[in-house]
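Structure in structure tokens, see below.
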Amino acid sequence: MENAFMIGLSRQLTLRRQMDVLANNIANANTPGFQSEMLLLEADPASRARSQDGPQRLQYVADWGVGRDFRPGEMEFTGRPLDVAVEGNGFFAVETGNGDLRYTRDGRFHTDAEGMLVSSSGAPVLDDGGAPILIDPAQGSVEIRSTGSIVQNGAEIARLGLYSFEDRSALQKLGNGLYAAPDGVDADLSDAVVRQGYFEQSNTQPIIELTRMIETMRAYESVSKVLSQGEELSRKAVERLGRT
């Protein structure tokens with residue numbers, strides 16, 4: 001029975017991890033630019049607990065990572081001139097307080113007291129040359145064209161830095177809609193289209209995530225029942241052996 005217990009336990013551990021991932025997706029259903037995730041599983045072969053007739057290898061269940069769904073979310077119209085959304089494979093570049101370069105699809109931008117274009121968290125938004133963008137309110141209204149060009153009074157003052165990655169799965173998720181590119185992962189300038197006055201919603205579909213959560217709960221209960229039955233069989237076997 002040790003084999004059955006270990007296999008069941010490995011499955012319970014992955015189901016609990018899967019529940020955490022689903023709960024995080026649902027919690028971020030209204031987070032702009034959030035991209036839903038899924039648990040990635042694999043078979044983990046191992047030796048039997050003891051040698052007996054029959055197969056000598058068992059297949060446990062293990063999670064080896066979290067996959068991310070990079071399909072774009074729906075665009076929501078706001079009409080605010082500094083809100084922008086990306087169509088296609090593209091990320092905005094921002095600079096954190098300690099000078100690190102980060103990437104995001106959350107385009108809810110605004111200007112700070114110095115006229116610097118910043119993200120919703122206050123991080124400076126960078127242009128296609130990696131420099132902060134300054135906007136002078138005295139120069140009139142801001143137009144952000146589909147190419148990312150920022151225009152005031154008929155003149156281009158900057159161009160939003162839009163970057164793409166050949167392997168987006170290599171990006172490291174940091175929270176708050178930010179991603180980091182690890183060493184060896186290069187960012188290329190993207191030709192994605194920008195839409196002014198919109199922002200990208202989360203691509204999480206709450207109904208689907210709730211359905212998956214219910215399925216996960218039922219699977220966990222089924223495994224728990226099997227383990228309980230196995231424990232009961234083991235107890236009865238020990239009692240019978242004790243009477244012989």
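Of all chymotrypsin sites (Phe, Trp or Tyr not before Pro) in the stretch 65-142, which ones are in loop regions per DSSP and have a Cβ with at most 14 other Cβ atoms within 10 Å?
On the way: sites: PHE70, PHE77, PHE91, PHE92, TYR103, PHE109; in loops: PHE70, PHE109.
Those that pass, being in a loop and sparsely packed, are PHE70.
Moving on to the next point. List the relative contact order of the chain as a percent without decimals, with contacts defined as Cα pairs under 8 Å and 6+ residues apart.
Averaging sequence separation for qualifying contacts and normalising by length gives 27 percent for the chain.
Normalised by the number of residues in the stretch 75-200, what is the relative contact order in percent for Cα pairs under 8 Å and 6+ residues apart? Show your work: numbers first, answer last.
Details: 292 pairs, mean separation 45.0, N = 126.
Result for the stretch 75-200 is 36 percent.
Additional query: Going by a ≥ b ≥ c, the root eigenvalues of the Cα gyration tensor, does the chain fall in the rounded group (a/c under 1.5), the prolate group (a/b larger than b/c) or the oblate group?
Cα axes put the chain in the prolate bin.
List the trypsin sites (Lys or Arg not before Pro) in the stretch 121-196 that DSSP assigns to loop (not H, G, I, E or B) and whose Cβ has at most 16 other Cβ atoms within 10 Å. Which are they?
For trypsin sites (Lys or Arg not before Pro) across the stretch 121-196 that sit outside H, G, I, E and B with at most 16 neighbouring Cβ atoms in 10 Å, the list reads ARG145.
Could you list the GluC sites (Glu not before Pro) in the stretch 147-225 that lie in coil according to DSSP, counting only those with at most 15 other Cβ atoms within 10 Å of their Cβ?
GLU166
Now a separate question. Given a Förster radius of 41 Å and the C-beta distance between ASN176 and ALA155 as r, what FRET efficiency does 1/(1 + (r/R0)^6) yield to the nearest 0.05?
0.80
Compute the angle between helix 206-243 and the longest alpha-carbon principal axis of the chain, please, reported from 0 to 90 degrees and rounded to the nearest 10.
Around 20 degrees separate the two axes.
Can you tell me the orientation of helix 2-27 relative to the chain, as the angle in degrees between its alpha-carbon axis and the longest Cα principal axis, to the nearest 10?
Result, in degrees: 20.
Can you tell me the length gained on complete extension of the stretch SER228 to ARG16, counting 0.36 nm per residue apart and subtracting the Cα distance?
74.5 nm
Here, each number is a calculation from the coordinates, and none is a lab measurement. Computed from a predicted model, the values in this text were never measured in an experiment. Cβ coordinates were reconstructed from backbone atoms using ideal geometry, including for glycine residues, and neighbour counts include every protein chain displayed.
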